[in-house]
Amino acid sequence: MLQPLSQLTTKLLTTYKTCNPSFAYTPTSNPRRVLTKPEEGVHNSGYDNTNFDLILYVNDVLESEKGTKYAAAARHATSAHQSCASYSPQPQQ
């Protein structure tokens, strides 16, 4: 049997629903960590930083003109070029 504190953390969704029955978890509401530094968007309608690097977030998905998809890796990078080097192809859907 889990201790009360363990239950609060391992069954977090249940805990939230007990406190607020209308609570609904959605992964899209999770904050996303920025991979590109600096992260302030100043060029290209806010998509690029001061170095004209595309601002990327963990789990962003880019798609090539040929339809190949790439997902951003969860590692720190200082520019979009370094972030792109850390991409890995995702299966086609």
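Note down the net charge around Pro38, summing +1 for each Lys or Arg and -1 for each Asp or Glu among other residues with Cβ under 14 Å from its Cβ. Numbers along the way, then the final one.
Details: positive: Lys37; negative: Glu39, Glu40, Asp48, Asp53.
With Lys, Arg at +1 and Asp, Glu at -1, the neighbours total -3.
Where does the charge balance sit around Ile55 when Lys and Arg score +1, Asp and Glu -1, over other residues with C-beta under 10 Å from its C-beta? Can you show the working numbers first?
Values: positive: Lys37; negative: Glu39, Glu40, Asp48, Asp53, Asp60.
Its environment carries a net charge of -4.
As an exercise, use a Förster radius of 25 Å and the Cβ-Cβ distance of Ala24 and Ala71 to find the FRET efficiency, rounded to the nearest 0.05. If you can, show how the numbers build up before the last one.
Details: r = 25 Å, r/R0 = 1.01.
Taking R0 as 25 Å, the efficiency between Ala24 and Ala71 is 0.50.
Rule-based calculations on the coordinates, nothing more; no lab input. Keep in mind the model is a prediction, meaning the values are calculated, not measured. No Cβ is skipped: glycine too gets one built from the backbone with ideal geometry, and neighbour counts run over all protein chains shown.
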